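The values are calculated or read from the model by the stated rules, or taken from the named source; none is laboratory data. Since this is a predicted model, take the numbers as computed values, not measurements. Because the Cβ atoms are built from the backbone with ideal geometry, glycine has one as well, and the counts that use them run over all protein chains shown. Remember, those area values only see protein heavy atoms, side chains included, never the ligands or the DNA or RNA. Shrake-Rupley method; radii C 1.70, N 1.55, O 1.52, S 1.80 Å.
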Amino acid sequence: MSDTQGLVDSLLENIRDAAVVATPDGRVVRISKAFEVVTGHVGSGQSLSAVVLGEHFMREAMAPDAGGQWQGAARCGDGRDRNFEVTVSAIDGADGQPRHYLGLVRPVTATPAADGAPVVGDGGRFGYDTLTGLPNRDLFIDRVGQIVLRANRTGGSVALMMMGLDRFTLVNDALGHAAGDRLLVEVARRLRTCVRETDTAVRLDGDRFALVLAIADVDDSVTVAEKVLSSVKEPFNLDGQEVVVTFSIGISVLPVDADSGANLVKHAEHALHYAKTSGRNQYQFFSKDMNRKARSRLELETRLRRALVNEEFVVFYQPKVSADRDAIVGAEALIRWMDPERGMISPADFIPVAEESGQIEPIGSWVLWKSCQQNKLWQDAGLAPIKVSVNVSARQFHSRTLLDKVVEVLGQTGLDPKWLELEITESMLMNDVDGAVRKMKALRDLGIGLSIDDFGTGYSSLSYLGRFPITTLKIDRAFIADVDTNAKTAEIARAIIGLSRGLNLEVVAEGAEVAAHINFLRDNGCDTVQGFYYSRPVAADEFEKMMRQSVMVRT
Ligand code: C2E
Ligand code: MG
Ligand code: MG
């Protein structure tokens, strides 16, 4: 019996359905975790209200003429009536007589239109807000329940954002309810543009909205919250009257702040209240730790913005060396941030933030311009010409202005295109292979080189490699690090070198740190190496000194 009990407990703990177990006389003995979420009863364990609701379902479905099925409205945790469907099955005891009944409870919700988009003004379909067409609170509770169960099963994370328009009543009072309604419709439209198709934007009631997001990282919710704040910043035009509104946003994250949908909702409400009372037009996390993280990320973004204006960026150059001759044959331009307070900050720490906050394009353009200008200066000073390669981030590569930018920079600096190479990574190319090939061809037509950086760490779809009009493959550091001690890694490195030869590409090994790496690479036909063995990335004047020596001095 205790085994069975354990099984039932574990079942109810893990089952993703809203389930209730009752005795033959309709008395509730257990409910599943999901039951609370689905019925909107905030509270943990078997809260009285949840049990009462469960009893109601079970008695109705077990009534002699119900046939184990019941459909109807019930009062939920938020005090509103909602439609549910309940199916009951008997669990027989050893004597073959029903000992318990299991009821599965499902909220009845309308499905969205065939194209997946909610229908605006749908005349009150169950589950959708009639004014904005967004899912309403009923569907919200359902979606939270589903996403939480999925996340708990797969170990994923969920962010819930509760949002209130600040001072919405002022708009209603000053311009009338019709204008207020139009504002809400427009706000809903903008909200939809802030989230992915798989996320849910909801209108809860009045001026309150919510977003339910599956996230990989807390930073994802920061990005969305900032998008929401800036999307409403643009004035709304209501009958020729410009209106500016702001949002207050409360965020809670599962599993950090809550382990159930009910708690997730409750904690996001608390965070919203905090956001409203501490100044509005902002987002607040439920947990202090996340507030701290979000603040430091926001601070980094602000400092980044200042850094470009204050000229705090510097370009370092790392030599690419012919291992045969110990001579510099090229360089990679690598950005550094000299922060006046924190010292030198690595690109690995700020490039992803610049990329997400939309600052990578001006920063990337600056690096391109600076390194082309520097290369031309070296050539004008009589040094042997070398190719300098510049890293291009995903957003830059996909930007429509990249080609124009390269043309502009080459024109401004007077650098011959053959001395410029752009480094891109495989992952940037795989979403839209045809589009990427077109873009790469246009860049190659300018006369510049194109290399695949970190080769071997991305999709590595060899079938596409032949289609990409590239000039160079850069073997990722990961394959070089133990090339002298690990036979498998050595085989992979050999294969990449052979592949490059077969495709008539230049091959550069990144991260060569010791003589054994250099020997291996040279013996296996990779002559060009970049790594700490020869030099770390250095400032332009130091690089110039190295170029003036005909032979590299090894570190
Ligand atoms: P990446 O393009 O793969 O650059 C090579 C990185 O490997 C550089 O790190 C370089 O310092 C490091 N490295 C080179 N040789 C060795 C070695 O022997 N041992 C070890 N342990 N490391 C070596 P860095 O400069 O910190 O740059 C990191 C990444 O940041 C770059 O990787 C690139 O993805 C990105 N990045 C740097 N500058 C820019 C830029 O101007 N624009 C963009 N979009 N990304 C940049
Ligand atoms: Mg690179
Ligand atoms: Mg690399």
_Only Lys, Arg (+1) and Asp, Glu (-1) charged, at Cβ; region 406-466 dipole about Cα centre in debye_ = 220
*Each residue of region 178-190 in order: what ³J(HN,Hα) in whole Hz does its phi give by Karplus 6.51 cos²θ - 1.76 cosθ + 1.60, θ = phi - 60°, with x for Gly and Pro?*
5, 5, x, 5, 4, 4, 5, 5, 5, 4, 4, 5, 5
_Surface share of carbon and sulfur [accessible, 1.4 angstrom probe, percent] for the chain_ = 51
*Cα gyration tensor of region 484-555, axes a ≥ b ≥ c as square roots of the eigenvalues: rounded (a/c below 1.5), prolate (a/b > b/c) or oblate?*
prolate
_Below 12 angstrom from the Cβ of LYS387, what's the summed charge of the other residues (Lys, Arg +1; Asp, Glu -1)?_
-3
_Order of exposure, largest accessible area first, which applies to GLU544, GLU510 with probe 1.4 Å_ = GLU544, GLU510
*Tilt relative to the chain, helix 288-309 - C-alpha long axis, 0 to 90 degrees, to 10*: 40
*Beta carbons within 10 angstrom, averaged per residue: use that to sort the peptides 88-100, 131-143, highest first.*
131-143, 88-100
_Using θ = phi - 60° and Karplus 6.51 cos²θ - 1.76 cosθ + 1.60, couplings along region 507-515 (whole Hz; Gly, Pro as x)_ = 10, 10, 9, 8, x, 6, 10, 10, 4
_Sequence of TYR274, TYR533, TYR317, TYR101 from largest to smallest accessible area, 1.4 Å probe_ = TYR274, TYR101, TYR533, TYR317
_Can you give me the distance in nm between label points at VAL52 and LEU503, each placed 7 Å from the Cα along the Cα-to-Cβ direction?_
6.8
*Calculated from DSSP H runs of 4 or more alone, at -39500 (n - 2.57) each and per residue, what is the 222 nm mean residue ellipticity of the chain, nearest 500?*
-13500 deg cm²/dmol
_Dipole of region 273-386, positive end: most advanced residue of ALA327, PRO347, CYS372 [Cβ charges, Cα centre]_ = PRO347
_Lys, Arg +1 and Asp, Glu -1 on Cβ, resulting dipole of region 374-527 about Cα centre, debye, nearest 20_ = 440
*Could you tell me which of rounded, prolate or oblate describes region 404-555, using a ≥ b ≥ c as the square roots of the eigenvalues of the alpha-carbon gyration tensor, with rounded for a/c under 1.5 and, failing that, prolate when a/b is larger than b/c and oblate otherwise?*
oblate
*asked:* Rolling a 1.4 Å sphere over the protein heavy atoms, what is the accessible area per residue of the chain, to the nearest Å²?
replied: 46
*Simple label model, 7 Å out from Cα along Cβ direction - THR23 to ARG467, nm*: 6.8
*For THR246 and GLN379, what is the calculated FRET efficiency with R₀ set at 45 Å and r taken between the beta-carbons, to the nearest 0.05?*
0.30
*Using only Cα atoms, what is the ratio of the radius of gyration of region 254-397 to 2.2 N^0.38 Å?*
1.50
*Counting Lys and Arg as +1 and Asp and Glu as -1, what is the net charge of the other residues whose Cβ lies under 15 Å from the Cβ of ASP434?*
+3
*How about LYS233: which lysines have a C-alpha closer than 25 Å to its C-alpha, ignoring those fewer than 8 places off in the same chain?*
LYS276, LYS293
_From the phi angles alone, apply the Karplus equation (6.51, -1.76, 1.60; θ = phi - 60°) to region 524-531 and give each ³J(HN,Hα) in whole Hz, x where the residue is Gly or Pro._
9, x, 10, 8, 8, 10, 9, x
_On Cα atoms only, tilt of 261-277 relative to the major axis of the chain in degrees_ = 70
_Sequence-distant lysines (8 or more away, or on other chains) whose Cα lies within less than 28 Å of LYS370_ = LYS320, LYS387, LYS405, LYS418, LYS439, LYS441, LYS474, LYS545
*Would you calculate the separation in nanometres between label points at ILE492 and GLU197, each defined as 7 Å from the Cα along the Cα-to-beta-carbon direction?*
3.4
_Cα convex hull of region 246-325, projected area averaged across orientations, nm²_ = 10.0
*Rounded to the nearest 10 degrees, what's the angle between the helix 347-356 long axis and the longest principal axis of the chain, both from Cα atoms, 0 to 90?*
50
*How big is the shadow of the Cα convex hull of region 180-283, averaged over all directions, in nm²?*
6.7
*Largest to smallest accessible area among HIS273, HIS517, HIS267, HIS56 [probe 1.4 Å]*: HIS273, HIS56, HIS267, HIS517
*asked:* Tell me the Rg and the Dmax, in Å, that the Cα atoms of region 470-509 produce.
replied: 10.1, 31
*Average the reciprocal distances over every distinct pair of alpha-carbons in the chain, invert the result, and give the Kirkwood radius in Å.*
27.9
*asked:* Compute, for region 219-273, the length of the dipole vector about the Cα centre, with Cβ point charges of +1 (Lys, Arg) and -1 (Asp, Glu) only. Units Debye, rounded to 20.
replied: 80
